[in-house]
């Protein structure tokens, strides 16, 4: 089974999403969004940009 995005509203009314791995572990959590459509755009951004994202080590 592939991972999945879970979309919800928090107690303050902001829309948020988690990306969960196939084992159910949360591997990414979003910022809060003012609207559902903005949160869905955030999900699409992760889908589009994550595959080509560079790995950058910081600190030591």
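The simple spin-label model puts a point 7 Å past each Cα toward its Cβ; for residue 58 and residue 45 those points are separated by 1.6 nm. With contacts taken as Cα pairs under 8 Å and at least 6 residues apart, the chain reaches a relative contact order of 24 percent.
The alpha carbons of the chain occupy a box of 37, 28, 23 Å along the principal axes, longest dimension given first. Stretching the chain fully between residue 4 and residue 21 yields a gain of 5.4 nm (0.36 nm per residue, less the alpha carbon separation).
Available extension along the chain between residue 28 and residue 14 is 3.4 nm, counting 0.36 nm per residue and deducting the alpha carbon span. Per residue of the chain, the DSSP helices (runs of n ≥ 4 H) give a summed -39500 (n - 2.57) that works out to -7500 deg cm²/dmol at 222 nm.
Readers should treat all values here as calculations from the given coordinates under stated rules, not as data from a laboratory. Predicted model only: the values in this text are computed from it and were never measured. Cβ sites come from the backbone with ideal geometry, for glycine too, and all protein chains shown count toward neighbours.
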